[in-house]
1. Can you say whether LEU376 is within 30 Å of ARG447 (Cα to Cα), aliphatic (A, V, I, L, M), open to solvent by less than 20 Å² (accessible area, probe 1.4 Å) and in contact with an Asp or Glu (Cβ under 7 Å, 6 or more places away or on another chain), as far as the supplied structure shows?
2. Residue check, SER400 against (1) open to solvent by less than 50 Å² (accessible area, probe 1.4 Å); (2) at pLDDT 95 or above, all met but one. Which one?
3. Does the stretch 150-172 contain any residue that is open to solvent by less than 20 Å² (accessible area, probe 1.4 Å), without any contact (Cβ under 8 Å) to a residue 60 or more places away in the chain, hydrophobic (A, V, I, L, M, F, W, C) and not in a loop (DSSP other than H, G, I, E, B)?
4. Go through THR80, THR130, THR109 for me and flag whichever is open to solvent by 40 Å² or more (accessible area, probe 1.4 Å), of a type in the set (Val, Ile, Thr) and either closer than 24 Å to ALA220 by Cα or under 19 Å from the mean Cα position of the chain (by Cα) (or both).
5. Give all pairs with beta carbons closer than 7 Å in which a residue from the stretch 117-133 that is over 14 Å from TRP464 (Cα atoms) and free of Cβ contacts under 8 Å to residues at least 12 places away in the same chain meets a residue that is assigned to a loop (DSSP other than H, G, I, E, B) and open to solvent by 10 Å² or more (accessible area, probe 1.4 Å); count only pairs at least 6 apart in sequence or on separate chains.
6. Somewhere in the stretch 55-76, is a residue over 21 Å from ALA234 (Cα atoms), part of a strand (DSSP E or B) and open to solvent by 10 Å² or more (accessible area, probe 1.4 Å)?
7. What number of residues within the stretch 232-281 satisfy the criterion of being within 30 Å of THR470 (Cα to Cα) and either at pLDDT below 95 or of a type in the set (Ser, Thr, Tyr) (or both)?
8. Checking the condition open to solvent by 30 Å² or more (accessible area, probe 1.4 Å), modelled with pLDDT of 95 or more and of a type in the set (Ser, Thr, Tyr), which residue from THR435, THR458, THR465 passes?
Amino acid sequence: MKALVVGCVAGLLALGTQASAEPTGRDEALVRTDLGPVRGAVHDNFRLFQGIPFAAPPVGDLRFRPPQPATPWRDPLDATAPRPTCAQLPTAYGTPASFTEDCLYLNVTTPRQSRHRLPVMVWIHGGGYTNGSGVFYDASKLAVEGDVVVVTINYRLGPFGFLALPALSAEHPGIQSGNTGIEDQQAALRWVRRNAAAFGGDPGNVTIFGESAGAGSVCAQLASPTATGLFHRAIGQSYSCAAPIATGPGAEGAGTAFAAGFGCTDPASAATCLRGKPVEALLRAWPGGGPVVGGRELPLQPVDALRQDRFHHVPLMWGNNLDEMRLFISLRFDAVGSPVTPAQYEQIIRATYGAAADQVLARYPLANYPNPTTALSTVQTDAGTPLSTCSHLTSYRLASARPLAVPVHAYQFVDRTAPPLVDVPGFDEGAEHATELNFLFPNLFGRPLTAAQQALSTAMVSYWTNFARTGNPNGHGTPAWHRFRSSGDVQALGLDAVHRIDPAVPSNCDFWAALGF
């Protein structure tokens, strides 16, 4: 897959199978897709179509299998209300449980009127590959202010999307089990290619964007040969493509142990056995996991795809948040009434960094921080996790340094007054993981922005949608954003100013590189 190139060719090839747009003057709420008509809701300045199936319900014998085509319909499908989220447990940040496997639906938000064939942005939600849904995200601000079509998708989660098992791999030769969720995402992108024009979108200008596990999914799609032609630009928020992911043997070993917990110990029938187990029981026993390297969907680690120039050469916009790990450390300790103690801080540093622990403790002394939780969060935000700043900078360099270097625009979200995803009493969350989401999707989880933050939100929406339109975030009315060429070319997104910074220095990236992290 040397120097994979995706572009206008895919859009031209797709023209023969696209659904057609409704002529001017017809019912705005009715759109004809390739599977059948859908009727959405028309608001003052946007249209919203919810719960459109892009694959067959993955139930019964289709559990754990690759997505299959949805069944066509003749009468208009009611697309005015959301459909179920994929099976998941409730979360600390308020998302509800779902025990429904019939969940492969997407939602389309379009400006009510536009004179042009619009860029299409496909949102891949985060949630650690265990929770989340496209329906949680209000895309109207992006669609209206940015003049784009936004598609938010569901994909199978937990064991239903990421269980690797030898028996499952044997069912589909050439496909590495554990990537069903990634295949769902590609099925949704194929639906977009066939149907974007019917909603006023340009199938030859599709941007995938995602946050956290959604950005990890974008990394996987960048490295996936089976995603060729499905997108033309990519945005990642808070997940580094330099972070390693599971390999086939390791993931299948974990899957075998998972199956044994249900008494499914026969390697030949383990998959069939698990298909008969209750949804909730599988969710509660799931140890976690995400995409798996191996097979045609993901033959290489994303970082190796970058190093070997075997990734899709599309413009990239990528970034992370200044205080990423404060969310996870505070939820683990402070939110349950047990903040990190000085002794725990040293113990965790020594357990994590071994012989280098004294150097880490000297570089990050507790005296420099208001509390041990913040100190530990700072260490893990700087290096050693998929969210870390230094890992992000590594991925930017890899993508931009190839002989056929793709344009990379990098950012760091730095507003420490942003509403947190989870408000932990007595703890300063800062610009923790996911805080930038409110600036793109209004009132996410019921957390509104101040007037000053609304101004930053408007600038960010402009950057994101400019990039979707042209592959460059720059446009009228926003501060210049320079292409990434070194660590000093990172755009700080904050209330005080939007300008270039070098996060490698405050994140001690040279120090971490010398230690091998």
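1. Details: within 30 Å of ARG447 (Cα to Cα): yes; aliphatic (A, V, I, L, M): yes; open to solvent by less than 20 Å² (accessible area, probe 1.4 Å): yes; in contact with an Asp or Glu (Cβ under 7 Å, 6 or more places away or on another chain): no.
Considered against the rule, which asks whether it is within 30 Å of ARG447 (Cα to Cα), aliphatic (A, V, I, L, M), open to solvent by less than 20 Å² (accessible area, probe 1.4 Å) and in contact with an Asp or Glu (Cβ under 7 Å, 6 or more places away or on another chain), LEU376 comes out as no.
2. (2)
3. Within the stretch 150-172, the subset open to solvent by less than 20 Å² (accessible area, probe 1.4 Å) is 150-165, 167-168.
With without any contact (Cβ under 8 Å) to a residue 60 or more places away in the chain added as a condition, the list becomes 150-152.
If we keep only those that are hydrophobic (A, V, I, L, M, F, W, C) as well, we get 150-151.
Add one more test, that the residue is not in a loop (DSSP other than H, G, I, E, B), and what stays is 150-151.
Yes: one or more hits.
4. On the way: THR80 fails: either closer than 24 Å to ALA220 by Cα or under 19 Å from the mean Cα position of the chain (by Cα) (or both); THR109 fails: open to solvent by 40 Å² or more (accessible area, probe 1.4 Å).
Just one listed residue meets the conditions, THR130.
5. none
6. Let us first name the residues in the stretch 55-76 that are over 21 Å from ALA234 (Cα atoms), namely 55-76.
Okay, now just the ones that are also part of a strand (DSSP E or B), so none.
The answer is no; no qualifying residue exists.
7. We begin by selecting, within the stretch 232-281, every residue within 30 Å of THR470 (Cα to Cα); these are 232-243.
Checking the rest, the ones that are also either at pLDDT below 95 or of a type in the set (Ser, Thr, Tyr) (or both) come to 238-240.
Residues in the stretch 232-281 being within 30 Å of THR470 (Cα to Cα) and either at pLDDT below 95 or of a type in the set (Ser, Thr, Tyr) (or both): 3 in total.
8. Values: THR435 fails: open to solvent by 30 Å² or more (accessible area, probe 1.4 Å); THR465 fails: open to solvent by 30 Å² or more (accessible area, probe 1.4 Å).
From the options THR435, THR458, THR465, the qualifying one is THR458.
The values are calculated or read from the model by the stated rules, or taken from the named source; none is laboratory data. This is a predicted model, so every value here is computed, not measured. When we count neighbours, we look across all protein chains shown, and the Cβ atoms used for this are built from the backbone with ideal geometry, even at glycine. These area figures cover heavy atoms from the full protein model, side chains too; ligands, DNA and RNA do not enter into them. Shrake-Rupley method; radii C 1.70, N 1.55, O 1.52, S 1.80 Å.
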